[in-house]
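Trainee: Dropping a structure here in structure tokens format, bear with me for questions.
The values are calculated or read from the model by the stated rules, or taken from the named source; none is laboratory data. Treat the numbers as computed from the prediction; the structure is a model and nothing was measured. We place every Cβ from the backbone using ideal geometry, glycine too, and count neighbours over all the protein chains shown. Only protein heavy atoms, including side chains, enter the accessible area calculation; ligands, DNA and RNA are left aside. Shrake-Rupley method; radii C 1.70, N 1.55, O 1.52, S 1.80 Å.
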Amino acid sequence: MLDTYLKALDLCYFEVTEAFRGLADEHVWVRPTSTLLSIGELAGHIAYWEAVRFAGEAEDGGSERDLSTCKVKSPLLDPRFGYFPMTLATSPSEEHLAMSGEQVCSELLRIHKEAMTYLVALNPNLENPAPHWGPQSKYEDLLRYVAFHIAYHTGQMYSVRHLLGETPPDN
């Protein structure tokens, strides 16, 4: 059953790559309004939570937002991308701003693949509680939510592109 969820997540990331296809580099980190995130920030948010959920080690009582214990490392894994109000209150770093659309998308895909490698190595029973998610939630619940989370924010990426005057492919 894990394989079924992994295939669903791969399909989500196919759509992420479509959302980035043809994106103007000058739009990657532009917020269309002061209350909406940029495409780069949305990618950072997706990356942050996937890495924390599947490659973090907070189950021993540490903070899930403590990236020092996360097995995946990346400029996109930044606490500022963890929560919408925090992201709005801060600007992307100079390192972020230097990343093109292709670089952000490639890094997001790399983080996904690396996080999934840790999940596959763990080979969790999908009925067991998922660390970093809550005592009543199972791995199966987490995987379903992650697919929704990626799809939701991918839709936002398309909307941001439209608000910035772009015409994304197939949307």
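Trainee: Extending each Cα 7 Å along its Cβ direction at Thr117 and Asp25, get the distance between those two points in nm, one decimal.
Mentor: About 2.8 nm, to one decimal.
Trainee: Could you tell me what percent of the accessible area of the stretch 1-109 is made up of carbon and sulfur, with a 1.4 Å probe and every protein chain present?
Mentor: The nonpolar share, carbon plus sulfur, comes to 56 percent.
Trainee: Keeping all protein chains in position, work out how much accessible area Asp25 exposes to a 1.4 Å probe, and write it in Å² to the nearest 10.
Mentor: 90 Å²
Trainee: Starting from the amide H of Lys138, placed 1.01 Å from N in the peptide plane, find each other amide H under 5 Å away whose residue is 5 or more places distant or on another chain.
Mentor: For Lys138, whose amide H was placed from the backbone, the distant partners under 5 Å are Ala130.
Trainee: Just need the Rg to Rh number for the stretch 1-100, please, alpha carbons only, Kirkwood Rh.
Mentor: Checking Rg against Rh, the ratio lands at 0.99.
Trainee: Follow-up question, since we're still on this one. In a shell of Cβ-Cβ distance under 11 Å around Thr17, excluding Thr17 itself, what net charge do Lys and Arg (+1) and Asp and Glu (-1) give?
Mentor: -3
Trainee: A follow-up question, please. Heavy atoms of the protein only, probe of 1.4 Å, neighbouring chains included. What is the accessible area of Met99 in Å², nearest 10?
Mentor: Here the accessible area works out near 30 Å².
Trainee: Starting from the Kirkwood radius over alpha-carbon pairs of the chain, derive D by Stokes-Einstein at 20 °C in a medium of 1.002 mPa s and give it in µm² s⁻¹.
Mentor: This corresponds to a translational diffusion coefficient of 131 µm²/s.
Trainee: Rounded to the nearest 0.05, what FRET efficiency do Ser137 and Glu18 give with R0 = 35 Å and r taken as the Cβ-Cβ distance? Could you check?
Mentor: E(calc), rounded to 0.05, equals 0.75.
Trainee: Right, next: Tell me the net charge near His153. Cut-off is 12 Å between Cβ atoms, His153 excluded, with +1 for each Lys or Arg and -1 for each Asp or Glu. Walk me through the numbers before you get to the answer.
Mentor: Details: positive: none; negative: Glu15, Glu41, Glu50.
Around His153, the surrounding residues sum to -3.
Trainee: Another question about this same structure. Cross-chain or 8 or more residues apart, Cα under 19 Å: how many lysine pairs in the chain fit that? Count them up, please.
Mentor: Close lysine pairs under the 19 Å cut-off: 4.
Trainee: Next question. Enter the accessible area of Thr117 (Å², nearest 10), with the probe set to 1.4 Å and all protein chains included.
Mentor: Only protein atoms counted, so the area is about 90 Å².
Trainee: Computed from the mean reciprocal separation of all distinct C-alpha pairs, what Kirkwood hydrodynamic radius does the stretch 66-152 have, in Å?
Mentor: 14.9 Å
Trainee: Same structure again: Given a Förster distance of 25 angstrom, what is the FRET efficiency for Ser34 paired with Ala151, based on the Cβ-Cβ distance and rounded to 0.05?
Mentor: Details: r = 25 Å, r/R0 = 1.01.
Between Ser34 and Ala151 the formula returns 0.50.
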